Amino acid sequence: MRFIGLRLARGLLTLWFAVTVTFFLVRLLPGDPVTAVADPNMTEALRQKLLADFGLDKPLAAQYLDYLGQLLHGNLGMSFRQSIPVTTVLMERLPWTLILTVSAMVVTIVLGIPLGVLAATRARGWVDRVIQITGVTAQSLFVPSVGIFLMYLLGVWLRWFPIGGAVDLDATGFAATLSMLHHLVLPCLSLVLIQLGGYVLTMRTTLIEALGEDYVSLAKAKGVRPGTVVWKHALRNALLPTTTIAGLQLGTLVGGAVLTETIYAYPGVGRAIYEAVGQLDFPVLQGAFVLLAAAVVAANLITDVAYGILDPRVRTS
Amino acid sequence: MTAAAVELTPRLRTWSAFRRNPLGVASAIVLVLLALVAVCAPLIAPFPEGYGADTSQPPSAAHWFGTDDIGQDVFAQVVWGTRVSMAVGVSASVLAIVIGLLIGVSAAYFRRLDTPLGVLVDLSLSLPVLPLMILVAALAGPSVRTLAVVIALFSWPEVARVVRSQAIAIVPMPFVSAAKVVGGSSLWIVRKHLLPGVIPVVGVSVVLTTSRAVLAEAGLSFLGLGDPNSWSWGTILHKAQQSGALATAWWTTLFPSLAILLLVVSTTLLSVAYNDARDHRNSS
């Protein structure tokens, strides 16, 4: 339990850091810090009232404490353009982003493990070479380019999948679920293509290392079938570092989701960010960052704790 | 090997190993060509502005890369985009490297700073960077300089981590202790002993940080945070997205995408080739 407490403290520290960085960046940037809450098109009287409402006439330290207090109550301010709380705007969008990122993560792992095993067991062969080169290249792809390419190929040209939105609004019941999955394919696939390379390469390296360990030689010497040695003995031990890397890649995944949702008009938090950029809706931008940072911290915490339970070695390190 | 070959300095050995790697040389040539396009943009194509007569034309002899929905030449946009994309990439990377070097070397040399700086780097690396860059770039107002500074501001932690891990191996070396004993100041030791030791690692870092910065710039511009008065590869994609050309006019998105791919893949291959060339154990 001490392990969980430590990880929790670490998560909270990260979150506090994210919140504090945004608070001070918003106020220390050149220009009027007021732009963070007040629309430049407002009348002077309304602007003054809003400033007082947001407490922007108070000293910085007091503002900071107020801000933390509001955040603890889940208050991220008001959207300029929609005149509704930022929390409401984003919470409507969050489920879509979760569906997209979680499904992309699952597909990446499902494809990544066999590909990593394939590369590691045929290390230095031509299959391994192809996987390595493709992996390195895939890591240097620009997310919107991948999205646009898939959209042309599978959406516009072959017409297999819809190219925008998240669900058919007319569909109900089971048909709605099907339509949702149908709309999910292209954005999800774009994210998988971006993530897969790094995942497979890490998997390959750790698995090659694990295959050189003494317990693998012992298992082989005992006459355990080669397939069982790889899948049951070595892979289990190679999964741990790979998961740590996957945790570190969460930030990239979230960034990729922002760009992918923009391409496919997918109504998640990322698309909300794109719309907010166009409208200069700063509270939404700030809230979206805080929300996504919280999601990343939470996901990291869950993987850490799950692995701590599965693998006792992690708890002591 | 002849006597002359034995006298080769490590730097010359790296260079000769690098020259024998066709992928590395090809990447270097591509990068030099892109840099030339960036510098000579005014000689290659006129600055794309205003409205043209031929709107949404596919590629032809008159317009190599076709035209967009207001009749501007996409080839000209890509050529001028090379300038901004590379300028932002390189300047953001240089700035990030300088900050990363300072923080990384300080963390390795001044033991008391190591923990706080390490925590700072860890925390920065575990946040989703793109949404944070979007917020800051939107608040600071879109311009080429904003983009470079914002990208650098959130790219240095990775450099700092690499530099620290390299420098921490040098600090306990006898020559550093000797320098301390003879009364060398911290600044002098850092400059004379630590920096030369970490520079080779930084070489790879420069290349990778630049390609990441180019991708970040393209991402921010694609979302509409690019400089409204200039062209970058991301801006071209942003305009295509806004005009709805994304699903119809493939040429407006294909060519800027290829430009990004070309730059990023060649920087990645260049860094791989440089790393291989520096690793003298492979060559006998």
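Annotations
- Restricted to helices (runs of 4 or more DSSP H) entirely inside segment B:89-207, those with at least 2 residues that are within 14 Å of chain A (Cβ to nearest Cβ) are B:111-125, B:129-140, B:144-153, B:156-170.
Yes/no matrix, rows are residues, columns are (1) outside the structural domain of A:Q132 (by the TED database); (2) assigned to a helix (DSSP H, G or I); (3) closer than 23 Å to A:L253 by Cβ:
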site: A:A171; (1), (2), (3): no, no, no
site: A:S179; (1), (2), (3): no, yes, no
site: A:R204; (1), (2), (3): no, yes, yes
site: A:L207; (1), (2), (3): no, yes, yes
site: A:A234; (1), (2), (3): no, yes, no
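- So B:L147, is it in contact with a Leu (Cβ under 9 Å, 6 or more places away or on another chain) and at pLDDT 90 or above: yes
- Selection within segment A:263-281 - at the interface with chain B (Cβ under 8 Å from one of its Cβ atoms) and in contact with an Asp or Glu (Cβ under 9 Å, 6 or more places away or on another chain): A:I273, A:Y274, A:L280
- All conditions but one from (1) without any contact (Cβ under 8 Å) to a residue 12 or more places away in the chain; (2) in contact with a Phe, Trp or Tyr (Cβ under 8 Å, 6 or more places away or on another chain); (3) among the polar types (S, T, N, Q) apply to A:T228; the one that does not is (2).
- Apart from one condition, A:I273 fits all of (1) within 16 Å of the chain's Cα centre (by Cα); (2) in contact (Cβ under 8 Å) with a residue 60 or more places away in the chain; the exception is (2).
- Residue in segment B:210-231 that is crowded, with 24+ Cβ neighbours inside 10 Å and part of a loop (DSSP other than H, G, I, E, B) present: yes
- Restricting segment B:234-282 to residues that are polar (S, T, N, Q), in contact with an Asp or Glu (Cβ under 8 Å, 6 or more places away or on another chain) and within 22 Å of B:M86 (Cβ to Cβ), the residue that is nearest to the other protein chains (Cβ to nearest Cβ) is B:T252.
- On inspection, B:W80 qualifies as crowded, with 19+ Cβ neighbours inside 10 Å and among the aromatic types (F, W, Y).
- Of the listed requirements (1) surrounded by 15 or more Cβ atoms within 10 Å (Cβ to Cβ); (2) at pLDDT below 85, A:V117 misses just one: (2).
- Selection of first residues in segment A:290-315 that are more than 14 Å from every other protein chain (Cβ to nearest Cβ) and of second residues that are of a type in the set (D, E), restricted to Cβ pairs under 9 Å at least 6 apart or on distinct chains, gives the following pairs, ordered by first then second residue: A:V314/A:D304.
- Only one entry in B:I99, B:I103, B:I134, B:I151 is touching an Asp or Glu at 6+ places or on another chain (Cβ under 8 Å) and either β-branched (V, I, T) or surrounded by fewer than 24 Cβ atoms within 10 Å (Cβ to Cβ) (or both), namely B:I151.
Table: residues versus (1) crowded, with 24+ Cβ neighbours inside 10 Å; (2) not hydroxyl-bearing (S, T, Y).
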| site | (1), (2) |
| --- | --- |
| A:I245 | no, yes |
| A:G251 | no, yes |
| A:A257 | yes, yes |
| A:Y264 | yes, no |
| A:R271 | no, yes |
| A:L285 | yes, yes |
| A:A288 | yes, yes |
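- Residues in segment A:127-159 that are without any contact (Cβ under 8 Å) to a residue 24 or more places away in the chain and either more than 11 Å from chain B (Cβ to nearest Cβ) or closer than 19 Å to A:I194 by Cα (or both): 12 in all.
- All positions within segment B:232-242 that are outside any loop (DSSP other than H, G, I, E, B), in contact with a Leu (Cβ under 9 Å, 6 or more places away or on another chain) and either β-branched (V, I, T) or more than 16 Å from B:I70 (Cα to Cα) (or both): B:W233, B:G234
- For segment A:203-215, the criterion of a residue being over 30 Å from B:D227 (Cα atoms), within 24 Å of the chain's Cα centre (by Cα) and of a type in the set (A, V, I, L, M) is satisfied by at least one position.
The values are calculated or read from the model by the stated rules, or taken from the named source; none is laboratory data. Because the structure is predicted, anything quoted here is derived from the model rather than measured. Positions of Cβ are generated from backbone atoms using ideal geometry, with glycine treated the same way; all protein chains shown enter the neighbour counts.
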